[in-house]
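Since the structure comes first, as structure tokens, the remarks are kept for the end.
Just so you know, all these numbers are worked out from the coordinates, no wet-lab data involved. Fair warning: this is a prediction, and the values are worked out from it, not measured in the lab. Heads up, the Cβs are rebuilt from the backbone with ideal geometry, glycines too, and the neighbour counts pull from every protein chain shown.
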Amino acid sequence: MSRREQRSAFDQVSEFDKGRIVSYRDCGLSLGEIGSRAGRNKTTLMQICDRWMQEGTTDQRGRSHPPQCTTSREDRQFVRMAVTDRSVTSRTLAQHIESVTHHSVSARTIRRSLKQSGLSARRPLLGRPFTQNHRRLPPPMVR
């Protein structure tokens with residue numbers, strides 16, 4: 001059984017193998033010859049060699065955050081709806097967007113996009129604020 005058949009379909013190229021591939025390429029071997037020695041296809045080899053030539057490294061470019069699930073147009077629509085109807089909640093906005101665009105957006109995502117646009121949640125005042133008279137009196141005794 002060949003080395004290519006032994007490895008799994010989603011097997012990642014190790015750093016050692018990436019170094020071997022780059023050094024084979026520097027020695028002047030063709031991609032076909034490198035592929036037969038390393039057990040990888042030509043597309044993978046080209047990506048590794050191109051990254052080495054352009055960036056000087058074979059490391060993967062990592063993402064610091066997952067891709068954004070809403071577009072800037074949808075974000076502007078969230079803001080417009082929140083400003084025009086002050087009583088609308090993030091959950092109702094999420095339901096409306098899901099019915100229009102047919103992809104689900106969480107209420108947390110909507111709150112985050114509204115916060116980035118400079119809007120924050122209005123929290124109703126739970127009780128009446130203390131007056132100067134209340135502040136001056138001692139706290140009530142609890143039995």
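Laid out as a table, the results:
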read-out	value
Amide H contacts under 5 Å for VAL105, placed H, 5+ residues apart	GLU98
Förster radius 22 Å - calculated FRET efficiency between VAL88 and ARG108 (Cβ-Cβ, nearest 0.05)	0.90
For peptides 97-108, 21-32, sequence by mean Cβ density within 10 Å, most packed first	21-32, 97-108
Förster radius 30 Å - calculated FRET efficiency between HIS65 and GLN95, Cβ distance, rounded to 0.05	0.70
Packing rank of 70-76, 109-115, where each peptide gets the mean count of other beta carbons within 10 Å, highest leading	109-115, 70-76
Distance cut-off 22 Å, percentage of C-alpha pairs in the stretch 26-109 lying past it	54 percent
Sites ASP50 and SER14 - FRET efficiency at Förster radius 22 Å, r taken between beta-carbons, to 0.05	0.75
Using θ = phi - 60° and Karplus 6.51 cos²θ - 1.76 cosθ + 1.60, couplings along the stretch 73-83 (whole Hz; Gly, Pro as x)	5, 5, 4, 5, 5, 4, 5, 4, 5, 5, 6
Protection proxy ranking, peptides 84-95, 40-51, average beta carbon neighbours within 10 Å, highest first	40-51, 84-95
